[in-house]
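Notes to accompany the following structure.
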Amino acid sequence: MQTRLSGKVALIVGGGADGPAKAGEKLSIGNGRATAIACAREGAAVMVADRSLELADQTAAAIRDEGGRAAAVAADVSLEEQCRGAVEATIRAFSALHLMVNNVGIAVGGNLLKTTTAQFDTMLAVNLRGHFLMMRYAVPEIAKAGGGAIVNVSSLAALRSNSQISYEATKSALLGLSRSAAVSHARDNIRVNTILPGLIDSSMVRRLIGDRESAVATRIPLRRQGTPWEIANAIVFLLSDDASYITGTELIVDGGLAAR
Ligand SMILES: NC(=O)c1ccc[n+]([C@@H]2O[C@H](COP(=O)([O-])OP(=O)(O)OC[C@H]3O[C@@H](n4cnc5c(N)ncnc54)[C@H](O)[C@@H]3O)[C@@H](O)[C@H]2O)c1
């Protein structure tokens, strides 16, 4: 069956899920894991990279259980050698690279006076420099394969403040990082876009905050948090040829929150 990402190789960075499963779910799902599984269901061979090899392996195993092609690699995006290693492992496993999703994003610190310099540096290293490094190593390979697409995962926090200065600063900076790469590499037939999720019921949120559904649902025009699958669907769209004339831009997926 021809599917939207048939014949493509996708590298999903931050493709594990590092929190508890939702009640009734066997496997914990976050934006990265849902995206990896959704890419495989659309026919891509998927390399799952995560700082935790165990979490990446769980995602790859879930894909293989469904009959898809997947492998896993350990990569902490704050370490340049491991960013390069993730791209090299993808080429070794699947002989090419066409698509990449930079899903890693952490949140430490608070507002200006509640964020230490060390916390700010960590946020820059993981949420921004990591995306820069992943693109720096992936883009030449994607160009070699004749082109492809990259999606960087930002946040509504790029546009709205909730007193998390380093999260908001890095998520805003990602918009510029993506735009710049998009313009430079359009000539290589590589599209680069950014996705801005709103409030999503993800694995990481359940670990850090717990169940926030009743606390936030009434603020959201669609009256509920989004699911990681709804983020994954939007990312698959941006990776696919359905988005063939879309580059250097942002897609908000937030149930109408930003419009309010
Ligand atoms: N969940 C939300 O409500 C929400 C809202 C807006 C934006 N986002 C963004 O979506 C992305 C995914 O968030 P999520 O909550 O779905 O998490 P997720 O469940 O997709 O988990 C993220 C994964 O990243 C991995 N990771 C963390 N640090 C890493 C590092 N240094 N190197 C490599 N891997 C690392 C973790 O082990 C984890 O498996 C993040 O960029 C986040 O900022 C989430």
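For the condition small (Gly, Ala, Ser) and assigned to a loop (DSSP other than H, G, I, E, B), what is the one hit in GLY176, GLY256?
That would be GLY256, the only listed residue that is small (Gly, Ala, Ser) and assigned to a loop (DSSP other than H, G, I, E, B).
For the stretch 8-38, name all the residues that are outside any loop (DSSP other than H, G, I, E, B) and either β-branched (Val, Ile, Thr) or closer than 18 Å to ALA89 by Cα (or both).
VAL9, ALA10, LEU11, ILE12, VAL13, THR35, ALA36, ILE37
Test each condition in (1) away from the ligand (no atom under 11 Å from the Cβ); (2) more than 19 Å from the chain's Cα centre (by Cα) for VAL216 and report the one that comes out false.
(1)
Looking only at the stretch 91-106, count every residue that is open to solvent by less than 40 Å² (accessible area, probe 1.4 Å), part of a loop (DSSP other than H, G, I, E, B) and either over 20 Å from ARG69 (Cα atoms) or of a type outside the set (A, V, I, L, M, F, W, C) (or both) and tell me the total.
Number of matching residues: 5.
Restricting to the stretch 135-155, name every residue that is in contact with a strand residue (DSSP E or B) (Cβ under 7 Å, 6 or more places away or on another chain) and either in a helix (DSSP H, G or I) or within 16 Å of the ligand (Cβ to nearest atom) (or both).
Of everything in the stretch 135-155, those that are in contact with a strand residue (DSSP E or B) (Cβ under 7 Å, 6 or more places away or on another chain) and either in a helix (DSSP H, G or I) or within 16 Å of the ligand (Cβ to nearest atom) (or both) turn out to be MET135, ALA138, VAL139, ILE142, ALA143, ILE150, VAL151, ASN152, VAL153, SER154, SER155.
Looking at the stretch 13-50, which of its residues are more than 8 Å from the ligand (Cβ to nearest atom), at pLDDT 95 or above and basic (Lys, Arg)?
The answer is ARG41, and nothing else.
Of all residues in the stretch 96-106, count the ones that are within 11 Å of the ligand (Cβ to nearest atom) and under 30 Å from ARG187 (Cβ atoms).
Going through the stretch 96-106 one residue at a time, the tally reaches 5.
Residues checked against (1) more than 11 Å from the ligand (Cβ to nearest atom); (2) assigned to a helix (DSSP H, G or I):
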residue	(1), (2)
CYS83	no, yes
ALA89	yes, yes
VAL108	no, no
PHE120	yes, yes
ASN127	no, yes
LEU133	no, yes
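Among the numbered criteria (1) closer than 21 Å to PRO228 by Cα; (2) assigned to a loop (DSSP other than H, G, I, E, B); (3) over 17 Å from the mean Cα position of the chain (by Cα); (4) within 15 Å of the ligand (Cβ to nearest atom), which single criterion is violated by ALA61?
Checking ALA61 against (1) closer than 21 Å to PRO228 by Cα; (2) assigned to a loop (DSSP other than H, G, I, E, B); (3) over 17 Å from the mean Cα position of the chain (by Cα); (4) within 15 Å of the ligand (Cβ to nearest atom), the one that fails is (2).
The values are calculated or read from the model by the stated rules, or taken from the named source; none is laboratory data. This one's a predicted model, so the numbers in the text were calculated from it and none came from an experiment. Cβ coordinates were reconstructed from backbone atoms using ideal geometry, including for glycine residues, and neighbour counts include every protein chain displayed. Please note that ligands, DNA and RNA were not included when accessible areas were found on the heavy atoms of the full protein model with its side chains. Shrake-Rupley method; radii C 1.70, N 1.55, O 1.52, S 1.80 Å.
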